[in-house]
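The values are calculated or read from the model by the stated rules, or taken from the named source; none is laboratory data. Fair warning: this is a prediction, and the values are worked out from it, not measured in the lab. Here the Cβ positions follow ideal geometry from the backbone for every residue, glycine too, while neighbour counts run over all protein chains shown.
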Amino acid sequence: MAKKTAQQNTTVKPTASEKRPPVVAVMGHIDHGKSTLLDYIRKSNVVDTEAGGITQRISAYEVTRKSKSGTEERVTFIDTPGHAAFSGMRERGATTADICILVVSSEDGVKPQTVEAYKQIKTAGVPFIVAITKIDKPTANVERAKISLAENEIYLEGYGGDISYVPVSAKSGDGIDDLLELILLTAEVAEFKGDRNALASGSIIEAHRDPKKGISATLIVKDGSLGTGQFVACGSAWSPTRMLEDFAGKKIVTVSFSSPLRVIGWNEAPQVGGQFVTFASKSDLEDHLETIRESKLRPVNNPGAPIAAPKVPEESDKASLPLIIKADVLGSAEAIEKELSKLGNERIAPKIILASIGDITESDIKVAGGGTDTVVLGFNVRMDSQAKAMVERLGISYQSFDIIYKLIEWVDELIKQRTPKVAAEEIVGKAKILKYFSAMKDKQIVGGKVIDREIGLGHIVKIVRRETTIGQGVIRELQQAKVKTSTVKEGFEFGAMIDSKIELAPGDVLEDFVVVEK
């Protein structure tokens, strides 16, 4: 079934429903060949430009191909990352798409992100096709991949289910035509429709800050048309449509349903995964923004209620590792925040004081407030000269990364190094008092036997009576066989002078302990 489009914000012309090209999300486990498959289809080579050879951002591309009937058909592809950290991006890919391709390597079979992607596709309720990749590899085993899918309750045609599949090779091109034909057939059966006369609506799939152009966002138009001279909004974020670019970066003046485009000039970064709507005039946009502002300030169930004061967050006893995160796109910042939230222990946790997009500037460093404990993390961004000078002057730590798991590993190690030490008592020996001889003020002469490890001269001991600690003392003198000694080991009897305000008694246990930092 075709997915419902976002509700239009203003009256439009009567619906002129027509066939709409499909939006296809390519999903699956890391390194199973998603981007390579798209490269072959697009005749490009994005994979070589990806840090570490893995996709770390969501991207959209438009291709045109001839069907078997000879007509030209448009298809928009969304490439999603396979690394575990980018689950949010994969979810947005599934919810934005009309059709999904679940990529499974013929070498590896089903992996954790394969299962996660499958669940996201099922939750989104979109039709999907399985592409079994890397069939050109010497270790490829298509039948084993099919069995692996069935073992994970993904049942292909001929293997207990009705899910269509195509074995493909992005290297030789085998199976690619069959996959594209199956996509077009699936779209034809689903009958995706759109109204070219409506104001555009759709999804925000990524946002980016360019030091020269400002904030841009990648959009997928799911219905209607978008052109220059209009306004788009996602929540309180908005932009005029003066600067529009297609997926290849070429300037355009209009675009219709199913197409990806970049809108440049937002007042703030729109929420990735959010829905955008279009307005024909600035006054319509301002009415929308006013409605958004009021809905944020007042309770949803009581629009007439007074505006509530903001809540002050409660202080935590935990130590914190203050972090400033600057990433190339919002999706990357989101993934980094998600992974960092999993780090920490009972004594320290990462505290993100700023997470935004764009190069690192002096104003970002000022957020640290002069705190030398703050760490600045850059992901696929640069630091300008003013920011660099301030970092050096304040002694703030800065690290730059282009692969997400290396960033997470580095922060995890830093957290271990900065975990506060706590004083802990460690029992090193126990002795039981057998006889009480005499006392002079607080100094008491006793005889006993070591029952665990050893006790030592000058050590502080806990006095335990009937399994309850009743006080402490110090071993001032220690003898074994009437000879002075510094230690007595387990199993041997001893005589000792214990300095304590607690009156000792036979049966008491002396616990010899030291205080250590852990």
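Take SER356 and decide whether it is among the polar types (S, T, N, Q), surrounded by 15 or more Cβ atoms within 10 Å (Cβ to Cβ) and either assigned to a helix (DSSP H, G or I) or out of contact with any Cys (no Cβ under 6 Å at 6 or more places or on another chain) (or both). Here the answer is yes, as SER356 does meet what is asked.
In this structure, ILE427 qualifies as in contact with an Asp or Glu (Cβ under 7 Å, 6 or more places away or on another chain) and either surrounded by fewer than 18 Cβ atoms within 10 Å (Cβ to Cβ) or of a type in the set (Phe, Trp, Tyr) (or both). Contact annotation: residue pairs with Cβ atoms under 6 Å, 6 or more positions apart or on different chains, pairing a residue in the stretch 146-157 that is assigned by TED's automatic domain parsing to the domain that holds VAL110 and closer than 18 Å to ILE135 by Cβ with a partner that is among the hydroxyl-bearing types (Ser, Thr, Tyr) and part of a strand (DSSP E or B), are LEU156/TYR165. For the stretch 141-174, give me each residue that is assigned to a loop (DSSP other than H, G, I, E, B) and in contact with a Lys or Arg (Cβ under 6 Å, 6 or more places away or on another chain). Selection gives TYR159 alone. Taken as a whole, the structure leaves TYR436 outside the set of residues that are within 29 Å of the chain's Cα centre (by Cα), among the hydroxyl-bearing types (Ser, Thr, Tyr) and assigned to a strand (DSSP E or B). Scanning the stretch 256-293 for residues that are within 30 Å of THR64 (Cα to Cα) and among the charged types (D, E, K, R) gives a single hit, ARG262. Of the set (1) in contact with a strand residue (DSSP E or B) (Cβ under 9 Å, 6 or more places away or on another chain); (2) outside any strand (DSSP E or B), all apply to VAL103 but (2). For LYS406, the requirement of being of a type outside the set (Asp, Glu) and over 34 Å from the mean Cα position of the chain (by Cα) is not met. Within the stretch 302-346, being surrounded by fewer than 10 Cβ atoms within 10 Å (Cβ to Cβ) and at pLDDT 80 or above holds for one residue alone: GLU346. Restricting the search to strands (runs of 3 or more DSSP E) fully inside the stretch 177-224 and requiring at least 2 residues that are more than 30 Å from SER332 (Cβ to Cβ) and within 33 Å of the chain's Cα centre (by Cα) gives an empty result. Being of a type in the set (Gly, Ala, Ser) and in a loop (DSSP other than H, G, I, E, B) holds for only one residue in GLY471, GLY448, GLY458, and it is GLY458. Within the stretch 121-128, does at least one residue satisfy the condition of being at pLDDT 90 or above and touching a helix residue (DSSP H, G or I) at 6+ places or on another chain (Cβ under 6 Å)? Checked the stretch 121-128: at least one residue is at pLDDT 90 or above and touching a helix residue (DSSP H, G or I) at 6+ places or on another chain (Cβ under 6 Å).
Can you find a residue in the stretch 167-178 that is of a type in the set (Lys, Arg) and in the same structural domain as LYS34 (by TED's automatic domain parsing)? Yes, the stretch 167-178 has at least one match. What do you reckon, is GLY265 of a type in the set (Gly, Ala, Ser) and in contact with a Ser or Thr (Cβ under 6 Å, 6 or more places away or on another chain)? In short, yes. Once the stretch 232-249 is narrowed to residues that are modelled with pLDDT under 90 and charged (D, E, K, R), the residue that is surrounded by the most Cβ atoms within 10 Å (Cβ to Cβ) is GLU245.
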